[in-house]
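The block underneath contains the structure these notes are about, expressed in C-alpha cells.
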Amino acid sequence: MAVLEIRTVPDPVLKEVSQPVDQVDDDLRQLMDDMLQTMYAADGIGLAAIQVGVAKRVIVMDLAGPDEEAQPRYFVNPVLSDPSDTLKPYEEGCLSVPTVYDEVERPDRIRIRYLDYDGNPQDEIAEGMFAVCIQHEMDHLEGVLFIDYLSRLKRQRAVQKVKKVEKSKDRDAA
Ligand code: ZN
C-alpha cells in the first residue's frame, strides 16, 4: 500500500467530474487500498478518488471512533436517491480544504446503492454521520466541494487560507 498525494484547493482536478468504473478488479482494489491508507495517514474519515487525482467514481470511508476498531468501507459507482425532507446542519471539513471547517445543511437520511470491495451490489440507508459523509464524498465525484455551499466571500477566504498553509508546508519541506 502507498500513501498518495492529496490534492488541495485551488487544484483544478478537484473540479473534474469522475467517470464510472467498468469493473471492480485487482487494480481498482489496489487504488482503494492506497486511498484508505492515504486517508488514515491524513486523519480523515472519507476520501474520493479525485482527491488523489484519479477521476473514477470511487470513495473510501471509515467512521469508527478513536477507541473503536477500524471499519473500512468502499463505495464504487455509488448512486444516491430518496433523500429525506429533513435537513440537518453539520460542521464539515475536507482533506482537500485543510484547516477550514464550516456548516453545511444536507438531508439527514438518504439511500445509497453501490458496488463494494468485491464488486457486489449493495443497497442501504445512510443516516447521521454516514449520511453527511457519503453526500460530501458524492459531491467530490461531481467536482463539488463543501465550500461551494458557502458564500463567495467565505469560499475565497477558505482558498486563501489553504494556499497559505500549503505554502508554509512547502517552505518547511525545502
Ligand atoms: Zn472532501
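Here is how the numbers come out for the structure above:
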{"item": "Any chance R113 is more than 16 Å from the ligand (Cβ to nearest atom), farther than 25 Å from V159 by Cβ and touching a strand residue (DSSP E or B) at 6+ places or on another chain (Cβ under 9 Å)", "result": "yes"}
{"item": "Top-ranked residue in segment 17-30 [being touching a residue at least 40 places away in the same chain (Cβ under 8 Å) and open to solvent by 60 Å² or more (accessible area, probe 1.4 Å); ranked as nearest to the ligand (Cβ to nearest atom)]", "result": "V17"}
{"item": "Top-ranked residue of segment 31-81 - restricted to ones that are within 18 Å of E16 (Cα to Cα) and charged (D, E, K, R), ranked as surrounded by the fewest Cβ atoms within 10 Å (Cβ to Cβ)", "result": "K56"}
{"item": "Qualifying residue in segment 127-147 (condition: within 12 Å of the ligand (Cβ to nearest atom), farther than 30 Å from Q30 by Cβ and out of contact with any Phe, Trp or Tyr (no Cβ under 9 Å at 6 or more places or on another chain))", "result": "yes"}
{"item": "Every pair of residues 6+ apart whose Cβ atoms lie under 7 Å, when the first sits in segment 139-165 and is more than 16 Å from E91 (Cβ to Cβ) and open to solvent by 10 Å² or more (accessible area, probe 1.4 Å) while the second is more than 14 Å from the ligand (Cβ to nearest atom) and not in a helix (DSSP H, G or I)", "result": "E142/V17; V159/P10"}
{"item": "Residues (within 13 Å of the ligand (Cβ to nearest atom) and either in contact with a Pro (Cβ under 6 Å, 6 or more places away or on another chain) or not in a helix (DSSP H, G or I) (or both)) located in segment 44-63", "result": "G44, I45, G46, L47, A48, I59, V60, M61"}
{"item": "Failed criterion for L87 (all others in (1) closer than 25 Å to D118 by Cα; (2) of a type in the set (A, V, I, L, M); (3) more than 16 Å from the ligand (Cβ to nearest atom) hold)", "result": "(1)"}
{"item": "Every residue from segment 64-80 that is assigned to a strand (DSSP E or B) and either away from the ligand (no atom under 16 Å from the Cβ) or over 12 Å from E137 (Cα atoms) (or both)", "result": "R73, Y74, V76, N77, V79"}
{"item": "Hits in segment 112-130 (condition: open to solvent by less than 70 Å² (accessible area, probe 1.4 Å) and over 19 Å from V58 (Cβ atoms))", "result": "G128"}
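The values are calculated or read from the model by the stated rules, or taken from the named source; none is laboratory data. Note that the coordinates shown come from a computational prediction; the quantities given were computed from them, not determined experimentally. Neighbour counts are summed over all protein chains in view; Cβ atoms, including those assigned to glycine, are modelled from backbone coordinates with ideal geometry. Ligands, DNA and RNA are excluded from the accessible area calculation, which covers all protein heavy atoms including side chains. Shrake-Rupley method; radii C 1.70, N 1.55, O 1.52, S 1.80 Å.
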